[in-house]
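The values are calculated or read from the model by the stated rules, or taken from the named source; none is laboratory data. Here the structure is a predicted model, which means the values were calculated and not measured. Glycine also receives a Cβ, built like all others from the backbone with ideal geometry; neighbour counts cover every protein chain displayed. We work out accessible area using only protein heavy atoms, side chains counted, and drop any ligands, DNA or RNA first. Shrake-Rupley method; radii C 1.70, N 1.55, O 1.52, S 1.80 Å.
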Amino acid sequence: MAFFYDEASRTFNEYLLVPGYSSARCIPGDVDLCAPLVRFAGSEEPSLKLKIPLVSAIMQSVSDDRMAVALAREGGLSFIYASQPIASQVAMVARVKDYKAGFVLSDTNIGPDFSLQQVLELKERSGHSTMPVTHDGSSHGKLLGIVTSRDYRPSRTPIDAKVREIMTPRESLIVGTQSLTLSEANDIIWEHKLNALPVVDDDDRLLYMVFRKDYDEHKLNPLENLDGHKRYLVGAGINTHDYQERAGALLEAGADILCIDSSEGFSEWQEKVLSWLKSEYGDAVKVGAGNVVDRDGFRFLAEAGADFVKVGIGGGSICITREQKGIGRGQATSVIEVADERRRYFEETGIYVPICSDGGIVYDHHLTLALAMGADFMMLGRYFARFDESPTNRVNINGSYMKEYWGEGSSRARNWQRYDNAGSQKLSFEEGVDSYVPYAGSLKDNLALSLAKIRSTMCNCGALTIPEFQDKARLTLVSSTSIVEGGVHDVLLKDSASSSSTNFR
């Protein structure tokens, strides 16, 4: 006979936080939103952490290299989508790792016999105006000079002029040696008022470039999520089909963490992926798994070696799994139960396995509720799809600007690897839709507002860190009437726009 749960499956919207005692030390500016990204022993620090508890979803319409850079700059992390050829996914990861490295491997190089026409064309393609000149035009050739926009005037310099005629030659350059630290390189840049510093080896071959703008950007973005080499952290999705080839290529490109992109995680397929990755790479690979909705699913993946576990099935705004298959669970109920099992697992083993709430977020305050219920961080699709940095088109629909947004289970994504485990290489039916979401502008501005709300709510509960918040949080179920009471009611609004909440669905 089938098992029946006694309690209803509940969503975030059915709960409210009850305020707690807030001391004078509870100031939003002092709230620390750091969260563990991977499993760790209770007495140790996790090897990977988030500065803010948000990651972007493994979706074509959300997470490419541009989104990864923008989110890592604010303290989060993106998982580059897996439903693309391995080479293109690897290239996206590589671009993120090269974008802001402190010591940057130059990807815009020219030879001395290039013409100004070729320089201008390369500048147009790459967006870079500073170009090292090497003897063979490669990123590690012998350094001959450098060309910047100050070395020529397109309106006056002959278009066929050779680079050797317009470049600033090597003997006029200030360069750094390979033993230089990043701090020392930045000191040289400031002392000599440089925009860029080439770093060369003992044979005068170009190794890296250090840019002044990277130092300036770091000062403007103190929460940047960086690795030990001052490069942005980036994750990447893998599937249960070509994971052996894909994972190796992604790790070689510099991916800091992988995540199995699958519709359901409580399966032998994911166990096989985790087992192979851990046996092949050991602790050198960090990989998340999921999705699950109950304690059994969490326990299964934790024991299989998952470094974090994703929670949620059917709660995404573009997901139709529940109506198509009648399977899933309310997101709040899922997070609460999995968090409780995570606590039990920690008490038994001394190993803390972070959980990621994936789906069900409609309003800003749902982010805070997910944290209070035990999530270490949240994976968001629709939220990030609205921004300039997402990879989709901005379109005008009936006079309003929108962004395209589609699910990985839609026909447009063609991501059969995420759903089909039998090898038919096609989607039998859709579990996602193709849609539009309201365009919201830049990630930085919108994210700052969402994080401000989280910090303010945590202070209302007397907490300055996420673990303290989870320890002190008190949650109450709400009735349909109290939900109505919590919004604007019994008044005639002067400006309806001023009363609108941030709705992510």
Using unit Cβ charges (K, R positive; D, E negative) and no other charged atoms, how large, in debye to the nearest 20, is the dipole of region 316-381 about its Cα centre?
180 debye
By a straight-distance test (C-alpha under 12 Å), which aspartates and glutamates pair with LYS230 as possible cross-link partners, with residues fewer than eight away in the same chain excluded?
ASP98, ASP214
Tell me the angle of helix 116-126 to the major Cα principal axis of the chain, expressed in degrees between 0 and 90 and rounded to the nearest ten.
10 degrees
Highest mean first, how do 446-454, 383-391 rank when packing is the count of other Cβ atoms within 10 Å averaged over residues?
383-391, 446-454
Mind checking which aspartates and glutamates have their Cα closer than 13 Å to the Cα of LYS123? Skip sequence neighbours fewer than 8 apart in that chain.
ASP107
Hey, can you grab everything whose amide H is under 5 Å from the amide H of LEU226? Only 5+ residues off in sequence or another chain; H modelled, so Pro and N-termini drop out.
LEU233
Packing-based order for 224-237, 286-299, 30-43, using average beta carbon neighbours within 10 Å, highest first
286-299, 224-237, 30-43
Among beta bridges that DSSP assigns inside region 301-408, antiparallel share in %, nearest 5
40 percent
Over the Cα atoms of region 236-319, each weighted equally, I'd like the Debye log10 I(q)/I(0) at q = 0.11, 0.16, 0.22 Å⁻¹, rounded to two decimals.
-0.27, -0.55, -0.99
Which entries in LYS272/LYS310; LYS49/LYS310; LYS97/LYS193 show an alpha-carbon gap greater than 19 Å?
LYS97/LYS193
Two-site FRET efficiency, SER172 against ALA448, from Cβ-Cβ distance with R₀ of 51 Å, rounded to 0.05
0.75
For region 108-183, Kirkwood radius (reciprocal of mean inverse C-alpha pair distance, Å):
12.8 Å
Could you list, bin by bin from short to long, the percent of Cα-Cα pairs of the chain in 10 Å steps?
4, 17, 26, 24, 16, 9, 3, 1, 0
For LEU144, the residues 5 or more places away or on another chain with a placed amide H closer than 5 Å to its own amide H are VAL133, THR134, HIS135
Please list the non-local residues whose amide H lies under 5 Å from the amide H of LEU50, H modeled 1.01 Å from N, same-chain partners needing a gap of 5 or more.
ALA35, LEU37
Say the dipole of the chain comes from +1 at the beta carbon of Lys and Arg and -1 at that of Asp and Glu; which of SER139, SER22, MET167 then lies farthest toward its positive end?
MET167
For the chain, what does the helix formula give at 222 nm: sum of -39500 (n - 2.57) over DSSP H segments with n ≥ 4, over the residue count, nearest 500 deg cm²/dmol?
-9500 deg cm²/dmol
Quick check on the chain: of the DSSP beta bridges with both residues there, what percent are antiparallel, nearest 5%?
55 percent
No other cysteine beta carbon under 4.7 Å away is the test; run it over the chain and list who passes.
CYS34, CYS259, CYS319, CYS356, CYS461
Of the heavy-atom accessible surface of the chain (probe 1.4 angstrom), what whole percent is carbon and sulfur?
49 percent
Using the Cα centre as the reference, give the magnitude of the dipole from point charges on the C-beta atoms of region 44-158 (Lys, Arg: +1; Asp, Glu: -1; all else neutral), rounded to the nearest 20 debye.
340 debye
Share (percent) of C-alpha pair distances in region 272-406 greater than 22 Å works out to 47 percent
Contour excess over end-to-end distance, with Cα ends at ASP202 and VAL484 and 0.36 nm allotted per residue
94.4 nm
Over 16 Å apart: what share of the alpha carbon pairs of region 1-114 falls there, rounded to a whole percent?
77 percent
Accessible area of region 48-161 divided out per residue, in Å², using a probe of 1.4 angstrom:
38 Å²
Going by alpha carbons, how many degrees (0 to 90, nearest 10) lie between the helix axis of 331-349 and the longest principal axis of the chain?
80 degrees
In debye to the nearest 20, how big a dipole does the chain give about its Cα centre with +1 on each Lys and Arg Cβ and -1 on each Asp and Glu Cβ?
1100 debye
